[in-house]
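Reading through the C-alpha cells given below for one structure.
The values are calculated or read from the model by the stated rules, or taken from the named source; none is laboratory data. Note that the structure is a prediction, hence the values are computed from the model and not measured. Don't worry about glycine lacking a Cβ; one is built from the backbone with ideal geometry, like all the others, and counts go over all protein chains shown.
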Amino acid sequence: MGKLVWDESYSVGVKALDKQHRLVFDMLNELMERKDITVRSEPLTAALTELTAYAAKHFKTEEQLMKEYGYPALAEHVKKHMQFRMKIIELSNDTLYHKETVPVELFAFLRQWWSNHILEEDMQYRPFFEEKGLE
Ligand SMILES: [Fe+2]
Ligand SMILES: [Fe+2]
C-alpha cells in the first residue's frame with residue numbers, strides 16, 4: 001500500500017484542521033509501514049486505540065468549530081464521523097476473534113476512509129469557514 005501524502009489538494013483552509021489531518025496521515029503511514037502487525041499482535045490493538053483516540057479528538061475539534069459557526073450540514077457530518085467509529089468498533093471486535101483478514105481490511109479501510117472523507121466531506125465546509133474568515 002502506498003503512502004498517504006498530504007498536499008495542498010487536501011487543505012480544508014483551516015490551519016488547525018489541516019494540521020490534524022496531516023498528523024492522521026503520519027499515524028496511518030507509520031502503522032502501514034510496520035511489519036509486526038498481525039491480528040494476534042498487541043501493536044495492532046495499541047495502534048487501533050491510539051488512532052481511535054486521535055480521531056475522536058479531531059472529530060471533536062471539527063464538530064465544535066461547526067457548532068460555533070453554525071455550519072448548516074453539521075448533523076450529516078457528525079453522522080459520517082459516527083460511521084467511522086462504528087466501523088472501527090466492528091474491526092476491533094474482529095481483532096478479538098482473531099479474524100485473519102483484519103490488518104489488511106483495516107489498513108485499506110483507514111486509508112480510503114481518511115482520504116475520501118477529507119476530499120469529499122470535509123472539503124464541503126471549506127467555503128463556509130472561508131466566508132466566516134477562519135484561517
Ligand atoms: Fe470530518
Ligand atoms: Fe477532518
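Below is a table of values for the structure above.
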{"quantity": "Subset of region 67-121 [within 16 Å of ligand 2 (Cβ to nearest atom), in contact (Cβ under 8 Å) with a residue 12 or more places away in the chain and among the aliphatic types (A, V, I, L, M)]", "calculated": "73, 78, 88, 110, 118, 119"}
{"quantity": "Conditions (1) at pLDDT 95 or above; (2) under 13 Å from the mean Cα position of the chain (by Cα); (3) away from ligand 1 (no atom under 14 Å from the Cβ); number of the one not met by residue 130", "calculated": "(2)"}
{"quantity": "Only one of 99, 80 that is assigned to a loop (DSSP other than H, G, I, E, B), more than 20 Å from residue 29 (Cα to Cα) and touching an Asp or Glu at 6+ places or on another chain (Cβ under 9 Å)", "calculated": "99"}
{"quantity": "Filter pass, residue 62 being under 27 Å from residue 5 (Cβ atoms), out of contact with any Gly (no Cβ under 9 Å at 6 or more places or on another chain) and of a type in the set (Asp, Glu)", "calculated": "yes"}
{"quantity": "Only listed residue being within 13 Å of ligand 2 (Cβ to nearest atom), among the charged types (D, E, K, R), free of Cβ contacts under 8 Å to residues at least 40 places away in the same chain and closer than 30 Å to residue 132 by Cα, chosen from 63, 8", "calculated": "63"}
{"quantity": "Tally of residues being among the basic types (Lys, Arg), more than 16 Å from ligand 2 (Cβ to nearest atom) and free of Cβ contacts under 8 Å to residues at least 12 places away in the same chain across region 35-60", "calculated": "1"}
{"quantity": "Qualifying residue in region 19-28 (condition: over 12 Å from the mean Cα position of the chain (by Cα), surrounded by 14 or more Cβ atoms within 10 Å (Cβ to Cβ) and closer than 16 Å to residue 3 by Cβ)", "calculated": "no"}
{"quantity": "Residues of region 46-77 satisfying the condition of being among the aliphatic types (A, V, I, L, M) and either in a loop (DSSP other than H, G, I, E, B) or within 12 Å of the chain's Cα centre (by Cα) (or both)", "calculated": "48, 51, 53, 55, 56, 73"}
{"quantity": "Meets criteria (within 14 Å of ligand 1 (Cβ to nearest atom) and exposed (fewer than 13 other Cβ atoms within 10 Å of the Cβ)) for residue 68", "calculated": "no"}
{"quantity": "Residue in region 106-117 that is closer than 30 Å to residue 134 by Cα, more than 14 Å from ligand 1 (Cβ to nearest atom) and surrounded by 18 or more Cβ atoms within 10 Å (Cβ to Cβ) present", "calculated": "yes"}
{"quantity": "Residue 48 vs. criteria at pLDDT below 85, within 14 Å of residue 24 (Cα to Cα) and more than 10 Å from ligand 1 (Cβ to nearest atom)", "calculated": "yes"}
